[in-house]
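Participant: For reference, the structure I am asking about is given below.
The values are calculated or read from the model by the stated rules, or taken from the named source; none is laboratory data. Here the structure is a predicted model, which is why all the values come from computation and not from measurement. Because the Cβ atoms are built from the backbone with ideal geometry, glycine has one as well, and the counts that use them run over all protein chains shown.
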Amino acid sequence: MRYRLVLSALALSSILYADSIDDEIGGFDDTNIKVDTTKVVEDVKVVEKKKTFFSDFTGKVTLSTAYSPNTLSPHDGLSSLKVSRLFDYEHKFDNGWKVKTNVKIYYDAIYKIRGENEFKNEEKDSLRQEVRLYDAYLEGSITDKLDFKIGRQVVVWGRSDTIRVTDILNPLDNRRPGMVDIEDLRLPTTMAKLDYYIGKWRITPIAILEQKFSLNPPYGSQFYPAPNALPDNSTYTDVTYALSVSGEFSGWDISFYGANVRDDAGYILLNPTPSAIEHDKVNMFGSALNVLTGSWLFKSELAYFDGLKYTNTQDKTFTRSDILLGVEYKGIADTIISYDVVMRTIGGYDTKLAQGFNPLDEVTYQHAFRISSDFINSTLHANYLISLYGQNLDKGGFQRAWVKYDIADAISANVGVVDYIGGSTLFDSIKDNDMVFADISYSF
């Protein structure tokens, strides 16, 4: 009680003292007291600018490992121990334009632990360490109806989350197949893109300024079963073009696609020995349709390719028609169940395509079944995916089960297993590469 009285007295005396000071200096001219408000404002702006600049930086550090119990040496047992760092910068200007860039760096210590002499140089050059620029673009609105984006970017065509049909504009990182989903495999490519909006429609012309192709397992790695190394990709500096027209309506949406691009798969040029992987230009015309009714989402994609070449028949060109049908169900709380199937048909089929290490049938099928569910207030994410080839699901594939747990706001852990299934020449050669993987990430 005594302390409260003392504090009250001090507060009252400070108020009275302040009033007396005001009375004493009341006769002085206020203009004699000058404050450089301009400098204060500039100092505040500098501080705010520095705060904004550093707050635009984010990133993630990940420690990941993989264990292969049945793979042949030197990939048996602990097959990867990788540290990855992602640095991301994104800034939005006052006029609404935005710049974004990110870089990913990783180092896999397994080659040092197991002994570098145990591995082929091609594998070490591809998988031991890497510094890669991913997104690097500028985007904004030119008018209310016209947006522009230029730089390294990902443009997704189609509706399927597992199988690629019309999604052809970005290459993939396939060096460890079956480990992650397509959304984490796409590699950005330098493009210039316009989005023009007319009512419910969007028209998107694209110029592809950089010709890059998918990264495949390097020679000597556990997913490269062939006895000899492939030649390098030919390099190209030309510009290719693509166009999409999309409309979104109540309960459904539709897209139409057209592109003249270089074939990502390519073929090995023989003259008479393998000298390079050529990627000739092909035409693609396609469409994608989504229909939503209640808890059901029905998907379809159609793509037609013209000008394809293959190694065994590189003096001829072929067409190919890809048709995808899919369904997705969200009627169970925090759960998504989906199934996609695609049929690919080669037009003008030649029996020479059935020869070699990776034979091609006239008609091929791919199936994908996926289920994802969240638990514990959406902090635990359980997933299962199985992808199989063949009309009767008997041509090989893989299945993957994994669980991701959000330990804290910035920390997450992921653990899972991949099972490779035999049934074709290719999948029989990698069916013993089953893998257990785990990682932990910290975001900042």
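Participant: Would you point out which residue out of 253, 238, 264, 232 is within 30 Å of residue 122 (Cβ to Cβ) and surrounded by 15 or more Cβ atoms within 10 Å (Cβ to Cβ)?
Facilitator: 264 is the lone residue from the list that is within 30 Å of residue 122 (Cβ to Cβ) and surrounded by 15 or more Cβ atoms within 10 Å (Cβ to Cβ).
Participant: What about residue 141, is it closer than 24 Å to residue 344 by Cα and not in a helix (DSSP H, G or I)?
Facilitator: Here the answer is no, as residue 141 does not meet what is asked.
Participant: Please go through the range 218-249 and give me each residue that is part of a loop (DSSP other than H, G, I, E, B) and within 24 Å of residue 155 (Cα to Cα), ordered by number.
Facilitator: 234, 235, 236, 237, 238, 239
Participant: Ok, one more. Is it the case, given these coordinates, that residue 297 is in contact (Cβ under 8 Å) with a residue 12 or more places away in the chain, part of a strand (DSSP E or B) and either of a type outside the set (A, V, I, L, M, F, W, C) or farther than 30 Å from residue 378 by Cα (or both)?
Facilitator: no
Participant: Filtering the range 343-383 down to residues that are assigned to a strand (DSSP E or B) and of a type in the set (S, T, N, Q), which residue is surrounded by the most Cβ atoms within 10 Å (Cβ to Cβ)?
Facilitator: The initial filter retains those residues of the range 343-383 that are assigned to a strand (DSSP E or B), namely 343-347, 363-375, 380-383.
Filter again for of a type in the set (S, T, N, Q), leaving 345, 364, 366, 372-373, 383.
Details: 345: 14, 364: 18, 366: 22, 372: 15, 373: 15, 383: 18.
In this case the residue turns out to be 366.
Participant: I'm trying to understand the selection: among the residues of the range 310-342, which are touching a helix residue (DSSP H, G or I) at 6+ places or on another chain (Cβ under 8 Å) and either outside any loop (DSSP other than H, G, I, E, B) or loosely packed, with under 14 Cβ neighbours inside 10 Å (or both)?
Facilitator: Of the range 310-342, the ones touching a helix residue (DSSP H, G or I) at 6+ places or on another chain (Cβ under 8 Å) are 310, 312-313.
If the condition is that a residue be touching a helix residue (DSSP H, G or I) at 6+ places or on another chain (Cβ under 8 Å) and either outside any loop (DSSP other than H, G, I, E, B) or loosely packed, with under 14 Cβ neighbours inside 10 Å (or both), then 312, 313 are the ones that fit.
Participant: Also, I was wondering about something else. Among the numbered criteria (1) closer than 22 Å to residue 439 by Cα; (2) in a loop (DSSP other than H, G, I, E, B); (3) in contact with a Leu (Cβ under 9 Å, 6 or more places away or on another chain); (4) not aromatic (Phe, Trp, Tyr), which one does residue 126 miss?
Facilitator: (2)
Participant: Looking only at the range 62-86, count how many residues are hydrophobic (A, V, I, L, M, F, W, C) and in a loop (DSSP other than H, G, I, E, B). Please lay out each step first, then the result.
Facilitator: Our first condition is that a residue be hydrophobic (A, V, I, L, M, F, W, C); within the range 62-86, this holds for 63, 66, 72, 78, 81, 83, 86.
From the residues that got through so far, the ones that are in a loop (DSSP other than H, G, I, E, B) too are 72.
Number satisfying all stated conditions: 1.
Participant: Here is a follow-up. Would you mind stating whether residue 301 is surrounded by 18 or more Cβ atoms within 10 Å (Cβ to Cβ) and farther than 18 Å from residue 344 by Cβ?
Facilitator: Spelling it out, it is not the case that residue 301 is surrounded by 18 or more Cβ atoms within 10 Å (Cβ to Cβ) and farther than 18 Å from residue 344 by Cβ.
Participant: A follow-up question, please. Going by the conditions given, is residue 426 modelled with pLDDT under 95 and either hydrophobic (A, V, I, L, M, F, W, C) or in contact with a Ser or Thr (Cβ under 8 Å, 6 or more places away or on another chain) (or both)?
Facilitator: The answer is yes for residue 426.
Participant: Quick one: which residue in 444, 427, 398 is surrounded by fewer than 17 Cβ atoms within 10 Å (Cβ to Cβ), aromatic (Phe, Trp, Tyr) and either in contact (Cβ under 8 Å) with a residue 24 or more places away in the chain or in contact with a helix residue (DSSP H, G or I) (Cβ under 9 Å, 6 or more places away or on another chain) (or both)?
Facilitator: The match here is 444.
Participant: From the list 334, 350, 340, exactly one residue is modelled with pLDDT of 95 or more, charged (D, E, K, R) and over 27 Å from residue 286 (Cα atoms). Which is it?
Facilitator: 334
Participant: OK, next. Restricting attention to the range 134-189, report how many residues are in contact with a Pro (Cβ under 8 Å, 6 or more places away or on another chain), touching a residue at least 40 places away in the same chain (Cβ under 8 Å) and aliphatic (A, V, I, L, M).
Facilitator: Here the count works out to 2.
Participant: Can you tell me which residue in the range 134-175 is surrounded by the fewest Cβ atoms within 10 Å (Cβ to Cβ), limited to those that are at pLDDT 95 or above and of a type in the set (Asp, Glu)?
Facilitator: Only one residue tops the list, namely 144.
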